[in-house]
1. Give the calculated FRET efficiency between Glu682 and Ser98 to the nearest 0.05, with a Förster radius of 60 Å applied to their Cβ-Cβ distance.
2. Taking H placed 1.01 Å from N in the peptide plane, check which residues at least 5 places from Ala616 or on another chain put their amide H under 5 Å from its amide H.
3. Residue-wise, which Karplus ³J(HN,Hα) couplings in Hz belong to region 278-290, taking 6.51 cos²θ - 1.76 cosθ + 1.60, θ = phi - 60°, and x for glycine or proline?
4. Please give the per residue accessible area of the chain, computed with a probe of 1.4 Å over protein heavy atoms only, in Å².
5. Amide H neighbours of Leu370 under 5 Å, at least 5 residues apart or on other chains, H built in the peptide plane: list them.
6. Leaving ligands, DNA and RNA out of it, work out the accessible area of Glu711 with a 1.4 Å probe and give it in Å² to the nearest 10.
7. Checking the table Lys261/Lys320; Lys96/Lys242; Lys136/Lys320; Lys77/Lys320; Lys261/Lys288 against a 27 Å threshold on Cα-Cα, which pairs fail?
8. Summarise the accessible area of the chain (1.4 Å probe, protein heavy atoms) by the percent that is carbon and sulfur.
Amino acid sequence: MRTFLSIPLAVSGLVALTGLTSCRSISTPTTYSKLLPSQVVKDAVPYEARPLPLADVRLTGGPLKHAQDLDAEYLLKLEPDRMLYYLRLRAGLKPKASEGYGGWDGAGRQLTGHIAGHYLSAVSYMYAATGDPRFKERADYMVQEFKEIQDKQGDGYIGALMANAPRRREATNNPAEGRRGNRELVDGKTRFEDLSKGIIQSSGFDLNGMWSPWYVEHKIFAGLRDAYRLTGNRDALGVEVKFAGWVDGILSNLDDAQIQKMLNTEFGGMNEVMADLYADTGDQRWLKACDYFEHRAIVDPLAKHEDILGGKHGNTQVPKLLGELKRYIYTGNETSGSAANFFWNQVVYHHSFATGGHGHDEYFGPPDKLNDIVDGRDDESCNVYNMLKMTRALFAIHPDDKYAEYQERALFNHVLGSIDPIDGRMCYMVPVGRGVTHEYQDMFHSFTCCVGTGMENHALHGYGIYYETGNKLWVNIYTPSTADWKTEQVKLEMQTSFPEGDSAALKLDLKSRKHFTLALRRPAWAGSGFAVSINGKSVSDLPEPGSYVELERTWKNGDTVTLTLPKTLHEESLPDNPRRVALMWGPLVLSGDLGPEQRRRNRGASLESVPIFVAANKPVQEWLKPIPGKPGEFRSDGVGRSEDVNFMPFYRLHRRTYAAYWDLFTPDEWQKKEEEIAAEREKQHKLELATVAFAQPGEMQPERDFNEQGEDSEPDRVMGRAARRGSKWFSFDLPVDPSHKMAIVVTYYTGEWRKRTFDILADDQRIGQQTVERNGAPHFFDVEYPIPAEVVSGKQKVTIRFQATDGNEIAAVFGIRMVRADEE
């Protein structure tokens, strides 16, 4: 079981957020950097441990600094005018670039315009994190452009979204209009105007023909907020206020039922930015606007401590609950506070994998049921980005090691694992299963949601390392850095070899002696051998793991505190399968190298080829051995079937096929498993003897060999296996043997993210209908469809066609085998 967050939960979510009487309160206004005017609204729930401003912390080395540097380089390569292309076009302004960016930010695409908002946040964060004026120049330019776009729109609106037209019209060659498939697209602003009249078609990601429109607008709002707060650009606040006025104008005439219907579509953190705007201005109008985005179908059950997350889209919920947390901090709203706290606890304790990520194909599963979803596409990067924002805020209002433990876990596994250390490519999914690969993005063409949050994420690594409570400084994350603790006029430098090393040293820089407390985290994983010394003198009476070493004394210039942070090997099992484990070295997940990465997405190893370990009930230290001269690298010793495996920290293993979870067997269990494998191989052998032909969908040459045809279909690859799926039809011509009864055997996978139902035809005669949906652990399965004798009589081949029906889609087809049914 996971033990990294073993501290008991509070009796109630609300108590966990408000039971703070033992700590010293800080009620002074939030100041995010020296350039930012103080927050206007006093927090109803005061911060007990305020993060040192990002502008007062500098990373000086280590993998977090390396990721920050790669991100900074990427941000400076991007062209702001290309991000603004469609925003200017929609406003009737001439774009300043010859073309916009493509991918999800392209013309008429899912999230057109979102990258400009992400980018404004990212350069604002990076300016605070580095002090490099080039980032402020870019932030100022983006704000200036947003203002011009808004002024041209005339009503406060900023946006580039397009929407499906209500009916098909004549085609247009105007790129400003755009097309999605064969449907004409219209300016999304008109669909917002429909919304204001109570015309609401809302589900999942669709609102009045637009893809998650409030989600996209949230990114622009957040960029303006961050430019104001982190670079001191006051125009950004003015633009944001006018933008919010447009939102209020759209929604103020809707009744509660209409608002709740609207909220069935993903809306990002619109509640968060409206709450923040209220805090920055003191205007109650924006608190009311925050209320427009209170999704009670989600918030109310969570506030009652009901886990209703199973089947819900992950990154639709995390920003929503971050917004509820902000509402709680600013107003003291107990429902919001209870919901946010319970949500965080459930996600971290009952839905997360060892790396700190969660979800399969972007969706939550049932709590504590991770075994069935560990393989394939899991751990979306956007989710972790938003979980870390929640985590930093929760620690600030209720300092507790469990938040720091999660932050460390997520940073040094998932987040660092999401960026290629060579060229800075970022990942959409960072899978943890058996035989998987990173889902890297094309950083100048794809512009998915996770590219957007990724460019922000790696500018935030310095935030939440240090917190202050009066004259106490909390040290939560051990990474090479410096901090300027301005309220106490103390500077410090942290030198550490962490995460691979086991030591850290903090050196103080003071102008004169000063009495204060250093609260140094003793991680839950730092057991025997943990030590602290001041100027070489050991500190006795250390607290238990998972707490803080509080050093209260009068400090002088040059004082140095050193820590020994020993890491040990241990297993961390899934809650519903104690024999499927991640191998941990302290807080670091160890990733097993399974060979070269294939080029195409999700082209990992087949599960059958992933080694298992005959090591159940053996201490991991007995069979996982360090590789001499390679810190952090290990190799299994004599327990691997069919081979032993090299391991290194998860965040370091890139451009390879890998596994983060492993199956353990006893010798007797493995013998039984081998017998099952042998029986399955014998069955497969008989099937192959009866095979007339086998077509491999999704592979170019086999598809040519069997005359693949189709409309609106595409190749796919899941768990290392090629496939084809579609929304209309596709077909293959397969040879037959008319002297035998014939059948086709088709291979599917249960891991479809939604139910698929379709027909199977042989020479236009329906021979079956198939439904594929989630059912237990995702797995491949075969279905046999007999072919009537009259269909094959006198023929040498037949056309096998997969046909979508009634608006459904065709599930991924991984193999089509023509067999002699009387010889199987």
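1. 0.45
2. HN-HN under 5 Å from Ala616: Phe665, Thr666.
3. Karplus values, whole Hz, x for Gly and Pro: 4, 5, 7, 10, x, 7, 4, 4, 7, 5, 5, 5, 4.
4. I get 38 Å² per residue for this part.
5. Asp576
6. Accessible area, nearest 10 Å²: 80 Å².
7. Over 27 Å apart, Cα to Cα: Lys136/Lys320; Lys77/Lys320.
8. Within the chain, the accessible surface is 47 percent carbon and sulfur.
The values are calculated or read from the model by the stated rules, or taken from the named source; none is laboratory data. Because the structure is predicted, anything quoted here is derived from the model rather than measured. Every residue, glycine as well, gets a Cβ built from its backbone with ideal geometry; the counts of neighbours run over all protein chains shown. All accessible areas refer to the heavy atoms of the entire protein, side chains included, with ligands and DNA or RNA removed. Shrake-Rupley method; radii C 1.70, N 1.55, O 1.52, S 1.80 Å.
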